[in-house]
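One structure is given here, and the rest of the page talks about it.
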Amino acid sequence: MTTLEQLKARMEDLKSAPPLEKARTFLKAYCANNSTLQEVEDQVRHALGFNTIPLMTGLDGLEAVLADKKVPGAALVTLAREDAKRQELPATPDAARNYLGQVVALLRKYLPEQPEPEGAAGFGIDDVYNLRDPAGKLERLRCTDMIGVGSESFAVLVPEHASEDKGPFTVYRYQAVPGQPFKYDRVTDAAVVAKVLKASRS
């Protein structure tokens, strides 16, 4: 496995980690080595230029932990005093919550809430889209292949964390014409789906 593949695997693991682990990972990487919030902010701004995933997952984790009433006060104290290395803070849940809230506010400054758009403006391998199933329910689907069959173009997608070998598979027919809106529709004809999947695997 190359260094890039290892990094991608680590990022995927981080995205699916529990909130407490996301929060701890962020605090250890961004707060433990910086003695002030200004230094944390400088490092965050630097990271924005090349990899926002640890910032996004850190924000997700911290917000979830602070919103969860079941998280014990002692866990918050550990996050602030040990993971973030803020030994000068009083060992109280209130002091810890206040500090962690400041970190969340700092991250929110650079990572405004942006709901992910629904639909696709164009398909791309490994990109994830919010698309509706036939019943109208929103699904997160990842594109695993784009292929031409006959005179038509198709995209093969699987649920975001599903295996691209095992599926379940969803197939979209699409038209990408320069200067025109991207057009796509879900293929419901089983024979066409089978033909596209066969071509994709060959």
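The values are calculated or read from the model by the stated rules, or taken from the named source; none is laboratory data. These numbers come from a predicted model, not from an experiment. Cβ placement follows ideal geometry from the backbone for every residue including glycine, while neighbour counts extend to all protein chains displayed.
What to note about this one:
- Count - residues of the stretch 76-101 that are surrounded by fewer than 16 Cβ atoms within 10 Å (Cβ to Cβ) and part of a helix (DSSP H, G or I): 4
- When we screen Ser200, Ser153 for residues that are modelled with pLDDT of 85 or more, of a type in the set (S, T, N, Q) and outside any strand (DSSP E or B), the only hit is Ser200.
- Single match in Leu138, Leu131 (criterion: among the hydrophobic types (A, V, I, L, M, F, W, C) and in contact with a Phe, Trp or Tyr (Cβ under 9 Å, 6 or more places away or on another chain)): Leu131
- Yes/no for Glu118 being surrounded by 12 or more Cβ atoms within 10 Å (Cβ to Cβ), on the phi < 0 side of the Ramachandran plot and among the acidic types (Asp, Glu): no
- Scanning the stretch 34-67 for residues that are in contact (Cβ under 8 Å) with a residue 60 or more places away in the chain and within 20 Å of Ala96 (Cα to Cα) returns Leu37, Val40, Glu41.
- Set Leu131, Leu138, Leu157: member being in contact with a strand residue (DSSP E or B) (Cβ under 8 Å, 6 or more places away or on another chain), in contact (Cβ under 8 Å) with a residue 12 or more places away in the chain, over 30 Å from Glu41 (Cβ atoms) and loosely packed, with under 14 Cβ neighbours inside 10 Å: Leu138
- Inside the stretch 65-75, residues that are of a type outside the set (A, V, I, L, M) and surrounded by 13 or more Cβ atoms within 10 Å (Cβ to Cβ) make up a count of 1.
- Residue satisfying condition, being more than 29 Å from Thr52 (Cα to Cα) and not basic (Lys, Arg), within set Val156, Val103, Val177: Val177
- Residues considered: Ala162, Ala95. Of these, the only one that is within 21 Å of the chain's Cα centre (by Cα), within 30 Å of Leu62 (Cβ to Cβ) and free of Cβ contacts under 8 Å to residues at least 60 places away in the same chain is Ala162.
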